[in-house]
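Report on one structure; see the data block that follows.
The values are calculated or read from the model by the stated rules, or taken from the named source; none is laboratory data. Bear in mind the structure is a predicted one, so any value in this text is a computation, not a measurement. No Cβ is skipped: glycine too gets one built from the backbone with ideal geometry, and neighbour counts run over all protein chains shown. These accessible areas exclude ligands, DNA and RNA; they are computed on the full protein's heavy atoms, side chains included. Shrake-Rupley method; radii C 1.70, N 1.55, O 1.52, S 1.80 Å.
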Amino acid sequence: WHEDPRIREQDFGNYQDPQVIKRCKSERHKFGSFYYRMPHGESASDVFDRVSTFLDSLWRSFESQRAQNYVLVTHGIAIRVFLARYFRYSIDQFNMLANPRNCEMVILAHDGCGRLKLDGRCDLELSRVKKSGSKGGNVDDDEMETVVVGYTLHKRLRTLPPQYVQARVIRMSHNDTGL
C-alpha cells in the first residue's frame with residue numbers, strides 16, 4: 001500500500017472560536033462552498049488542485065504497477081473532487097453532491113475502452129447484536145456491539161436535498177443583474 005497526502009481531507013483551518021465558525025459557515029453558504037476558503041484553511045478548489053496532481057500520478061502508476069483492482073481510502077470532499085475532476089463535473093454539479101457517509105464506498109469500474117465508469121456506491125448494513133460472552137436476559141447498551149451484516153448497492157451518488165443547493169448568480173459586469 002502507499003500513503004499519499006494529496007488525497008487527505010480538506011483543511012478547514014482554525015476551528016477554535018464558535019462565533020468565527022458560525023460566521024464562516026454563513027459566508028460559505030452565501031459565497032459557495034467550492035471557492036470559499038476558511039481562515040487558515042483550504043477551499044474545495046484547493047483540494048481539487050491537490051487531487052488533480054494525485055490523479056495524474058495515479059494514471060502514470062497504472063502503466064508501471066498494473067493490478068486488477070485499486071482501492072483508494074480518503075474523505076468525503078476528496079472523493080467528491082476526485083469524481084468532479086475525473087468526470088468533469090461542473091461546479092454546480094459538484095455542489096449538488098453530498099459527501100459520502102462514513103464507510104460508504106464509491107465504485108468505479110473499467111468500461112472496456114480504457115476509461116472508468118461510475119458503477120455506484122455501497123452503504124454498509126449494520127446491526128446491533130449482543131457481544132459474545134454477554135449473559136441472557138436484559139442487555140445493557142454496553143453489552144451490545146455494531147456489526148456489518150452486508151451492504152446495499154446504489155447506482156447513483158447521493159445528492160443534497162434541493163433546499164441545500166444554492167443557485168449561483170453569474171454576472172458579466174459590475175452592473176449586471178445576473179443570468
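Brief remarks on what is shown
- Looking across Ala44, Ala98, Ala67, one residue alone is at pLDDT below 90 and closer than 23 Å to Arg121 by Cα. It is Ala67.
- Residue match in segment 82-92 (condition: among the polar types (S, T, N, Q), open to solvent by less than 20 Å² (accessible area, probe 1.4 Å) and either modelled with pLDDT of 90 or more or within 22 Å of Tyr151 (Cα to Cα) (or both)): no
- Within segment 29-51, tally of residues that are open to solvent by less than 70 Å² (accessible area, probe 1.4 Å) and either more than 14 Å from Arg80 (Cα to Cα) or touching a strand residue (DSSP E or B) at 6+ places or on another chain (Cβ under 6 Å) (or both): 6
- Scanning segment 67-81 for residues that are of a type in the set (A, V, I, L, M, F, W, C), surrounded by 16 or more Cβ atoms within 10 Å (Cβ to Cβ) and touching a residue at least 60 places away in the same chain (Cβ under 8 Å) turns up Ile77, Ala78.
- When each of Val106, Val149, Val129 is tested for being in a strand (DSSP E or B) and open to solvent by 90 Å² or more (accessible area, probe 1.4 Å), the lone residue that passes is Val149.
- Subset of segment 1-24 that is open to solvent by 50 Å² or more (accessible area, probe 1.4 Å), in a helix (DSSP H, G or I) and free of Cβ contacts under 8 Å to residues at least 12 places away in the same chain - its residue that is farthest from Gln166 (Cα to Cα): Pro5
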